[in-house]
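As structure tokens, the structure follows; a few thoughts come after it.
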Amino acid sequence: MKTTRFVAASAFFVVLTCLIYWVHITFFRVNVVFYSAILDGALAALISSAIVLRLRWFAIFGSFEKSQMFLIWLLTAYALAISAPTVLDRSLSFYILEKLQQRGGGIQQGRFSEVFTQEYVKEHRLVDVRLTEQLESGTIRIESGCVHLTPKGDRLATFSRFFRAHLLPKQRLLMGSYTDDLTDPFRHSASQVDYLCK
């Protein structure tokens, strides 16, 4: 009895999340896709929980169980936000598939660097998207045409570098050979650049 009602309430939550997300992206402005999708899911979880609290059909659940349902829905909202819109919005892997499809199904392997630098960055407004995300997250600030790390951004970059160096695979398959190149991608960066802020 409880299982059926929980599944019904959860199905309603998922449908409501999708509906709120669709209304949000169709009729309202979105600053950052991930944050907006999380907000949509949290709103759906609140509405679903309010319905569970009000309807007698759900009186079979105790307060603790209703709290658990709310937490499960919040976690589901997070998973949905990451799994669909955020992955598609950020994924270079999906871009490769879409670009191959656009170009008739095939692109010369040796030309992919050109595709990424000359088409991907421009078509997806990659710099604008990522700078907007970082501004909204409070990890950077832009002053007089110069992008600066905030203290929050510095902490996040330090964590990212630590994780990359110590918790990413040391032997990762890249185009037929195993390498640790991505544990320290700056290892081969140019030492002299002319784009620093003064």
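Considering only the stretch 35-64, state which residues are closer than 19 Å to residue 4 by Cβ and in contact (Cβ under 8 Å) with a residue 12 or more places away in the chain.
Those that are closer than 19 Å to residue 4 by Cβ and in contact (Cβ under 8 Å) with a residue 12 or more places away in the chain: 48, 49, 51, 52, 53, 57, 58, 60, 61.
Which residue out of 98, 143 is charged (D, E, K, R) and surrounded by fewer than 10 Cβ atoms within 10 Å (Cβ to Cβ)?
None of the other options fit; the residue is 143.
Evaluate the following for residue 87: is it among the β-branched types (Val, Ile, Thr) and within 18 Å of the chain's Cα centre (by Cα)?
Working: among the β-branched types (Val, Ile, Thr): yes; within 18 Å of the chain's Cα centre (by Cα): yes.
Yes, satisfied.
With the requirement that a residue be of a type in the set (D, E, K, R) and at pLDDT 85 or above, what does the stretch 56-115 give you?
Hits for the stretch 56-115 are 56, 65, 66, 98, 99, 103, 111, 114.
May I ask you to say which residue of 50, 42 is crowded, with 17+ Cβ neighbours inside 10 Å and assigned to a helix (DSSP H, G or I)?
Criteria check complete, one pass: 42.
Return yes when residue 70 is over 30 Å from residue 11 (Cα atoms) and either touching a residue at least 60 places away in the same chain (Cβ under 8 Å) or open to solvent by 40 Å² or more (accessible area, probe 1.4 Å) (or both) and no when it is not. Don't jump to the end; show me each part of the working.
Values: over 30 Å from residue 11 (Cα atoms): no; either touching a residue at least 60 places away in the same chain (Cβ under 8 Å) or open to solvent by 40 Å² or more (accessible area, probe 1.4 Å) (or both): yes.
In short, no.
Please name all residue pairs, on different chains or six or more residues apart, with Cβ atoms under 7 Å, provided the first residue is in the stretch 13-34 and is under 16 Å from residue 78 (Cα atoms) and the second residue is β-branched (Val, Ile, Thr) and open to solvent by 50 Å² or more (accessible area, probe 1.4 Å).
16/47; 32/132
Residue 105: assigned to a loop (DSSP other than H, G, I, E, B) and open to solvent by 50 Å² or more (accessible area, probe 1.4 Å), yes or no?
yes
For residue 119, all conditions in the list (1) closer than 23 Å to residue 25 by Cβ; (2) open to solvent by less than 60 Å² (accessible area, probe 1.4 Å); (3) in contact (Cβ under 8 Å) with a residue 12 or more places away in the chain hold save one; what is the number of the exception?
Going through the list (1) closer than 23 Å to residue 25 by Cβ; (2) open to solvent by less than 60 Å² (accessible area, probe 1.4 Å); (3) in contact (Cβ under 8 Å) with a residue 12 or more places away in the chain, residue 119 breaks only (1).
Taking only the stretch 4-55 into account, find how many residues are among the polar types (S, T, N, Q) and within 19 Å of residue 68 (Cα to Cα).
5
Here is a list: 10, 93, 36. Which entry is of a type outside the set (D, E, K, R), open to solvent by 50 Å² or more (accessible area, probe 1.4 Å) and part of a helix (DSSP H, G or I)?
93
Looking only at residues in the stretch 17-33 that are among the hydrophobic types (A, V, I, L, M, F, W, C) and either assigned to a helix (DSSP H, G or I) or more than 20 Å from residue 133 (Cα to Cα) (or both), which one is least open to solvent (accessible area, probe 1.4 Å)?
20
Need the failing condition index for residue 161 against (1) loosely packed, with under 10 Cβ neighbours inside 10 Å; (2) more than 22 Å from residue 32 (Cα to Cα); (3) of a type outside the set (Gly, Ala, Ser), just the number.
All conditions are met except number (1).
The values are calculated or read from the model by the stated rules, or taken from the named source; none is laboratory data. Remember, predicted model here, so these are calculated numbers, not experimental data. When we count neighbours, we look across all protein chains shown, and the Cβ atoms used for this are built from the backbone with ideal geometry, even at glycine. Note: areas computed on protein heavy atoms with side chains; ligands, DNA, RNA excluded. Shrake-Rupley method; radii C 1.70, N 1.55, O 1.52, S 1.80 Å.
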